[in-house]
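Have a look at the structure below before the remarks.
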Amino acid sequence: MERKRTPVILDGDPGHDDAIMITMANGSSLFDIKLLSSVNGNQTIEKTTLNMLKIANLLSIDAPVAKGAIRPMKSPVIPAGNWHGKSGLDGYRLSKGDKKIADKPSYEMMYDILSKSDEQVIIIATGPLTNLGILLSVHPDIKDKIKLISIMGGGILHGNWNPASEYNILVDPEAAKIVFDSGIKILVAPLDATEKAIIKPSDFPKIKEVNNHVSDVVLAWLKFFYKHPMEIGYEGAPVHDPLAFLAISHPEIFRIEKMKIDVELHGKYTRGALVYDLRYSREEDFNSEVLMDIDRERYVDLLIEYLHFYDR
Ligand code: RIB
Ligand code: CA
């Protein structure tokens, strides 16, 4: 008998690692994907929305695709074309198929899905948190229908876009603060774990051996995505976003710490930083479960396992 699937909303800024996260989450068969929601981030909202359509078509995901926020709640946009290329998903030419973009903004689509669901829904967010910030501001009553929010974002010991801040949080710190202050259970995949989630060129032959169309596309994505990090000293591609999914499906491959986290909004050098307040050690004070390390070999094994879902 097939295992009951948990309803999930996927929100992101594809982006190669967002696309690989969606590929793995869909391949796990753990979820009933209710919505693919785009957000401005790695590329413009037009491009991340088009990429969501292409991913849905590639993976035969029949969930609606909804266009999210065109810009952060307060900050200017910060494109990341150097990592993801002009399209935001360079490396393999994909068709968007004939699915149309939903006629409502994604935060309203989220509200409709959450309202109508007869069980709590998981939200996995792998880009700036703008859509969630808007959803929780406009519809605060909907919190009780959200089982948990799992994000890729932040860095406890360091940033990537500046010394203190990671890109997703830096692009929209106001939205991130709304999420962290919401009282909803939050799983966080910060750079402390995601920068150890490196897919190396030496892993490519194992991905090639999967030998189906989706694995070929993922390999092409990785061969594009690893170029920039290798130029700046990484030993492969830090494939950040799947950790926001794996934190739910395979918590055993991580070291996880409970933390009280706040988001810095005003520092000249620290705006967008996650502030880990070590003074709090009581269960009731914690607002986050944070991935602080990963078993990289198990990560690669799970990527391969989930790519086999797409065997002909
Ligand atoms: O800092 C890494 C994050 O920024 C990832 O989610 C990547 O896709 C970009 O959105
Ligand atoms: Ca992302």
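The values are calculated or read from the model by the stated rules, or taken from the named source; none is laboratory data. Here the structure is a predicted model, which means the values were calculated and not measured. FYI the Cβ positions are ideal-geometry reconstructions off the backbone, even for glycines, and counts take in every protein chain you see.
Tabulated values for the structure
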| read-out | value |
| --- | --- |
| Candidates LYS177, LYS200, LYS145 - the one that is within 15 Å of ILE9 (Cβ to Cβ), modelled with pLDDT of 95 or more and more than 14 Å from ligand 2 (Cβ to nearest atom) | LYS145 |
| Helices (runs of 4 or more DSSP H) enclosed by segment 211-312 - at least 1 residues per element that are without any contact (Cβ under 8 Å) to a residue 60 or more places away in the chain and within 27 Å of ALA19 (Cα to Cα) | 213-225, 227-231, 296-307 |
| All positions within segment 12-62 that are part of a loop (DSSP other than H, G, I, E, B) and surrounded by fewer than 22 Cβ atoms within 10 Å (Cβ to Cβ) | SER29, LEU30, THR44, SER60, ILE61, ASP62 |
| Subset of segment 158-213 (residues that are surrounded by fewer than 24 Cβ atoms within 10 Å (Cβ to Cβ) and among the acidic types (Asp, Glu)) | GLU174, ASP181, ASP192, GLU195, ASP203, GLU209 |
| Meets criteria (within 13 Å of ligand 2 (Cβ to nearest atom), under 16 Å from the mean Cα position of the chain (by Cα) and farther than 23 Å from LEU222 by Cα) for GLY41 | no |
| Restricting segment 148-174 to residues that are part of a helix (DSSP H, G or I) and not hydrophobic (A, V, I, L, M, F, W, C), the residue that is farthest from ligand 2 (Cβ to nearest atom) | GLU174 |
| So VAL77, is it of a type in the set (Val, Ile, Thr) and either assigned to a loop (DSSP other than H, G, I, E, B) or out of contact with any helix residue (DSSP H, G or I) (no Cβ under 9 Å at 6 or more places or on another chain) (or both) | yes |
| Single residue of ASP293, ASP311, ASP277, ASP285 found to be of a type outside the set (Val, Ile, Thr) and touching a Phe, Trp or Tyr at 6+ places or on another chain (Cβ under 7 Å) | ASP293 |
